[in-house]
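Student: Structure in structure tokens, see below.
The values are calculated or read from the model by the stated rules, or taken from the named source; none is laboratory data. The structure presented is a predicted model; accordingly, all values stated were derived computationally and were not measured. All Cβ positions, glycine included, derive from the backbone under ideal geometry; neighbour counts span all protein chains shown. The area values use the complete protein model at the heavy-atom level, side chains included, leaving out ligands, DNA and RNA. Shrake-Rupley method; radii C 1.70, N 1.55, O 1.52, S 1.80 Å.
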Amino acid sequence: MSLSISLFGLGYVGSVSAACFAQMGHKVVGVDVNRDKVAMLGSGKSPIVEARVGALIAEAHAAGRLLATSDAKDAILQTDISFICVGTPSLRSGKLDLSHIEHVSREIGAALREKNAPHTVVLRSTVLPGTTESVVIPILESASGQKSGINFNVVYNPEFMREGSAVSDFLQPPYTILGSRSPQDVTLVRELYRDIPGTRYETTIAVAEMVKYVSNLFHAVKVGFANEIGTLCKHLGVDTQVVTQIFTSDTKLNISPAYLSPGFAFGGSCLPKDLRAITYKAKELDLDLPVLQALIPSNAEHIDRAIEAVLRTKKKKICLLGLSFKAGTDDLRESPQVQLIKRLIGEGCHICIWDPDVSLGRLTGSNRQYIEEVIPHIGSLLSGDLETVIKGAEVVIIGTRSADQAQLSAYLRAGQFVIDLINLDAMRRPKSAAAYQGICW
Ligand SMILES: NC(=O)c1ccc[n+]([C@@H]2O[C@H](COP(=O)([O-])OP(=O)(O)OC[C@H]3O[C@@H](n4cnc5c(N)ncnc54)[C@H](O)[C@@H]3O)[C@@H](O)[C@H]2O)c1
């Protein structure tokens, strides 16, 4: 099916999209406030320098499938779908400048007022979660005098192209994300992307807006991490390339979803210790490595958030299910749950702990020494009876995967608060009337 598409904003995203949609056989109308860009596209030339775009635009122009205008109304009236690809730069403060988005939304809304046929508006520009709902849709509705979902549809569809390989990224994206208020709103856009490979996710507008940011943030974290590791290797006289090659070849723990599920703080006998050793070594080498140095403070902040979540319940009888840093081990060294309990005791909470893997009598060596130093009277807080522990508490903290779903469901009751630190899978969460929450989900 051939569609008619208008693209507002002929920068990188708009020009690449224009070239690719036209190449897919659709009729494309490019719109920009910059008349030079409109004139270029209108004469079959690319407004940007990007591999393959010039050739695709020339071909589509020659075939009569590519037009350009600076008249928003003209573009809206002759197309079925409009993509908003205008810039969202930073203000001096870092705040996102939405002035172009607001302006183009007003223009599209005013044009929709004159249109009596269905239209879909697709926002491609990168905007913070909530922007489509709180800025774009209200402007479109007030300028058009129409209702989103009734007279026109709105979809948020983030762009994942990289400059330099934008055409192949457009035609073979990692995935396509369509955020909308309802599945009917995406009908036309779903059709448009029918032949584009990769998984298509249909989700809420806010999730679609957020995934774009999360992707870019993660890329930035990866670059910062890689460069700090390389710097460290260079100063330690270690071959950066070989380290990177071997490190990235582990797709089980390193380049994988492992450790990427929002949950609780890290702990245990290795991560905190090894981070301290490396950041201390960096200091000795007179190296500033802010990404690595930020990790221990970031972890401590996360423990603070857990304490605040418990204190916000205004309850004092607290139980913790799982004391060690993960289920199946009795290693208490630097367990964030131990830190949490110590701080809650300081706040006057009455604590009861259940952990089938931890028996004080069996703890030995540095593990025993650690717990005796941090919580000397831990023995009086531990109980082996899960039912009594849960039933006696007002707040139940799930610290590890030790307790099973059936037991949790049987013992929890309405009126209790459950704080799930580890973000249990939906399948493992208790079915009960207790109020259930996480600290970062
Ligand atoms: N450049 C990338 O690689 C890339 C990748 C993914 C997402 N994004 C996001 O996409 C958006 C666009 O990025 P870009 O790099 O293409 O921007 P850009 O600055 O290159 O182009 C934006 C264009 O919008 C035009 N414009 C402004 N107001 C307009 C209006 N009212 N009507 C019509 N045109 C108008 C400008 O004249 C300009 O030509 C941004 O939100 C950006 O964050 C960019």
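Student: How long is the gain from residue 364 to residue 300 if the chain were fully straight, where each residue apart is worth 0.36 nm and the alpha carbon distance is subtracted?
Tutor: 20.4 nm
Student: Once label points are set 7 Å from the Cα along Cα→Cβ at both residue 312 and residue 201, what is their separation, rounded to one decimal in nm?
Tutor: A separation of 2.4 nm, rounded to one decimal place.
Student: Long-range amide H contacts for residue 44: which residues qualify at under 5 Å (H placed 1.01 Å from N, peptide plane, sequence gap of 5 or more or a different chain)?
Tutor: The list, which skips near neighbours in sequence, is empty: none.
Student: Shifting gears a bit: Which residues does a label at residue 55 reach in the range 191-217, if reach means a backbone N under 16 Å from a point 7 Å past the Cα toward the Cβ?
Tutor: Backbone N within reach: none found.
Student: Another one. Just need the Rg to Rh number for the range 182-298, please, alpha carbons only, Kirkwood Rh.
Tutor: So for the range 182-298, dividing Rg by the Kirkwood Rh gives 1.11.
Student: How many angstrom lie between the Cα centre of the range 328-371 and the Cα centre of the range 226-257?
Tutor: Taking the Cα centre of the range 226-257 as reference, the centre of the range 328-371 is 34 Å away.
Student: When the accessible area of the range 1-119 is split by element with a 1.4 Å probe, what percent falls to carbon and sulfur?
Tutor: The computed percentage sits at 51.
Student: Could you list which residues have their amide H under 5 Å from that of residue 83, counting only those 5 or more apart in sequence or on another chain, with H placed in the peptide plane?
Tutor: Answer set, sorted by chain and number: 6, 7, 8, 122.
Student: Another one. Tell me, what is the per residue accessible area of the range 91-208 in Å², probe radius 1.4 Å?
Tutor: 47
Student: Report the calculated FRET efficiency for residue 285 and residue 214 (r = Cβ-Cβ distance, R0 = 45 Å), to the nearest 0.05.
Tutor: The value I calculate is 0.90.
Student: If you don't mind, there's one more thing I want to ask. Given the whole protein assembly as supplied and a 1.4 Å probe, what does the accessible area of residue 194 come to in Å², nearest 10?
Tutor: Accessible area, nearest 10 Å²: 140 Å².
Student: Quick check: the angle from helix 99-113's long axis to the longest principal axis of the chain, C-alpha only, nearest 10 degrees?
Tutor: Taking the Cα atoms of the chain, the angle to 99-113 is about 50 degrees.
Student: Kindly report, to the nearest 10 Å², the accessible surface of residue 222 as traced by a 1.4 Å probe over protein heavy atoms only.
Tutor: Its accessible surface works out to 110 Å², give or take rounding.
Student: I would also like to ask the following. Quick one: pull the percent of accessible area on the range 138-255 belonging to carbon and sulfur, 1.4 Å probe, ligands and nucleic acids left out.
Tutor: Answer for the range 138-255: carbon and sulfur cover 59 percent of the accessible area.
Student: Can you list residues from other chains, or at least 5 along the same chain, whose modelled amide H is less than 5 Å from the amide H of residue 68?
Tutor: The list, which skips near neighbours in sequence, is 30.
Student: Please report, in debye to the nearest 20, how large the charge dipole of the range 71-166 is about its Cα centre when each Lys and Arg carries +1 at its beta carbon and each Asp and Glu carries -1 there.
Tutor: 160
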